[in-house]
1. Around Leu52, under 13 Å between beta carbons, what's the net of Lys plus Arg minus Asp minus Glu among the other residues?
2. Okay, helix-only estimate at 222 nm for the chain: each DSSP H run of n ≥ 4 adds -39500 (n - 2.57), divide by all residues, round to 500 deg cm²/dmol; what do you get?
3. Which of rounded, prolate, oblate describes region 221-336, given a ≥ b ≥ c as roots of the alpha-carbon gyration tensor eigenvalues and a/c under 1.5 marking rounded, otherwise prolate only if a/b is larger than b/c?
4. Taking 35 Å as R0, compute the FRET efficiency from the Cβ-Cβ separation of Met98 and Ala24 and round it to 0.05.
5. For the residue pair Ala139 and Tyr32, what label-to-label distance in nm results when each label sits 7 Å from Cα along the Cα-to-beta-carbon direction?
6. What percentages make up the Cα-Cα pair-distance distribution of the chain when the bins are 10 Å wide from 0?
7. Computing the accessible area with a 1.4 Å probe over protein heavy atoms, can you report the carbon and sulfur percentage for region 52-94?
8. Ignoring the sites themselves, what is the longest stretch of the chain with no GluC sites (Glu not before Pro) in a DSSP loop and at most 14 other beta-carbon atoms within 10 Å?
Amino acid sequence: MATKKEQKKMGLTTKIFIALIAGAIVGVIMHYYVPAGYVRDDIVVGGVFYVLGQGFLRLMQMLVVPLVFCSLVCGSSAIGDTKTLGRVGVKTIGFYLMTTAIAVTVATSLANLTNPGLGLDISNIEKGEATVAESTSFADTLLNIIPKNPIQGLAEGNMLQIILFAMIVGILLAKLGEQAETVSTFFAQFNDLMMEMTNMVMSVAPIGVFSLIAKTFTEIGFDAFVPMLKYMGTVFGGLVVQCCVVYMIFLKLFTGLNPIKFLKKFAPVMGFAFSTATSNATIPLSIETLDEKVGVSKRISSFTIPLGATINMDGTAIMQGVAVVFAAQAYGINLGIADYVTVIATATLASIGTAGVPGVGLITLSMVFASVGLPVEAIALIMGIDRILDMCRTAVNITGDAVCTTIVAHQDGSLDRDVFNAATPSK
Ligand code: ASP
């Protein structure tokens with residue numbers, strides 16, 4: 001039976017990648033060779049691709065709140081004692097903050113080498129509308145983690161509130177033991193139900209991924225990002241360094257696991273994050289992949305992955321670091337060492353405040369720009385090409401969560417190396 005299941009999984013992974021590439025090819029062909037008009041834009045792109053792509057995205061999002069809630073209740077009640085939970089929590093948050101700070105440093109250093117904003121004639125670039133993030137004080141951000149009404153928190157999908165409430169429920173369930181057995185069993189069974197639902201939704205992933213990618217490429221084509229190639233190249237370079245160098249050094253150093261093997265196993269989740277540009281939607285798949293292929297116990301990942309998808313956005317921080325240098329150069333503003341320190345600090349905080357959905361990184365970027373006195377309008381310069389970078393950075397965002405989770409699981413004794421060392425399913 002296990003082999004049959006395995007075979008089905010291998011098939012799915014391959015199908016998702018084929019869908020991704022096919023979507024890009026179809027999109028590019030449609031952009032360049034199919035004349036714009038009612039059939040292409042309204043029927044195919046705005047109709048079929050839009051409905052199938054968004055439908056799939058909504059299905060994935062439908063799973064997030066019940067799945068995170070249940071698996072966290074089960075996870076924290078399995079960990080049971082608050083000391084272990086506290087230790088895991090502090091460690092995880094520490095790793096998340098550290099990797100984000102490194103990410104911004106990598107980004108600003110790289111951007112200072114490539115100088116993406118030098119020689120840019122700003123007057124040539126059409127200005128879009130920049131959105132200014134509403135600023136909330138640090139105290140309020142902290143207070144906001146406590147839900148006034150947990151049902152409202154669940155209904156709004158407020159991840160930090162859900163995490164806190166679910167953990168309290170889980171800890172108390174462990175404390176009550178047999179007295180609350182019915183409730184514990186309910187959550188455990190509901191959790192299984194949600195995992196089954198995840199498998200069901202994932203079986204239509206190739207269709208969803210194809211539609212999402214085909215739509216993006218039909219709309220953007222290649223031209224749209226030619227003028228910003230340098231900026232894009234620098235962001236992309238930063239993402240690659242973070243993903244393939246920083247994370248892999250961390251992984252090797254702290255766990256001794258083979259980084260290449262890790263990346264291979266985790267690649268389908270990255271592909272999924274890439275096509276959806278939504279960290280939140282990848283939570284179920286990430287937890288499952290870490291469990292089945294890497295050997296990370298759900299006890300840990302059910303807590304650290306949703307937390308990471310909410311507060312740990314290294315890819316986003318890289319884009320923000322490069323964007324700061326790009327905008328400063330484009331506007332001829334000189335940034336000193338103190339400014340860079342400010343950028344590192346605010347981008348790390350902005351990463352906490354960035355929700356794991358498409359495009360939010362661009363909104364929190366205004367916070368980072370404002371911290372060093374860059375004009376917020378500069379965001380308009382990069383808005384047009386942000387979608388493709390959003391896709392790339394989301395893949396890095398969730399890889400960071402997975403690497404930190406694996407390290408924390410290893411240190412907690414919740415990493416099953418036999419699972420990791422088992423033959424890698426499909427490439
Ligand atoms: N799309 C990103 C994510 O979901 C957030 C962002 O950078 O806009 O992780």
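1. Numbers: positive: Arg58, Lys215; negative: none.
Cβ neighbours under 13 Å give a net charge of +2.
2. Details: 19 runs with 311 residues, N = 427.
Here the helix-only value at 222 nm equals -24500 deg cm²/dmol.
3. On the way: a/c = 2.15, a/b = 1.90, b/c = 1.13.
It is prolate, given that a/c is not under 1.5 and a/b is the larger ratio.
4. On the way: r = 34 Å, r/R0 = 0.98.
Between Met98 and Ala24 the formula returns 0.50.
5. Here the answer is 5.8 nm between the modelled labels.
6. Final binned percentages: 5, 21, 31, 27, 13, 3, 0.
7. Details: 1110 of 1730 Å².
Answer for region 52-94: carbon and sulfur cover 64 percent of the accessible area.
8. Answer - 135-427.
The values are calculated or read from the model by the stated rules, or taken from the named source; none is laboratory data. This one's a predicted model, so the numbers in the text were calculated from it and none came from an experiment. We place every Cβ from the backbone using ideal geometry, glycine too, and count neighbours over all the protein chains shown. In case anyone asks, the SASA skips ligands and DNA or RNA and just uses the protein heavy atoms, side chains included. Shrake-Rupley method; radii C 1.70, N 1.55, O 1.52, S 1.80 Å.
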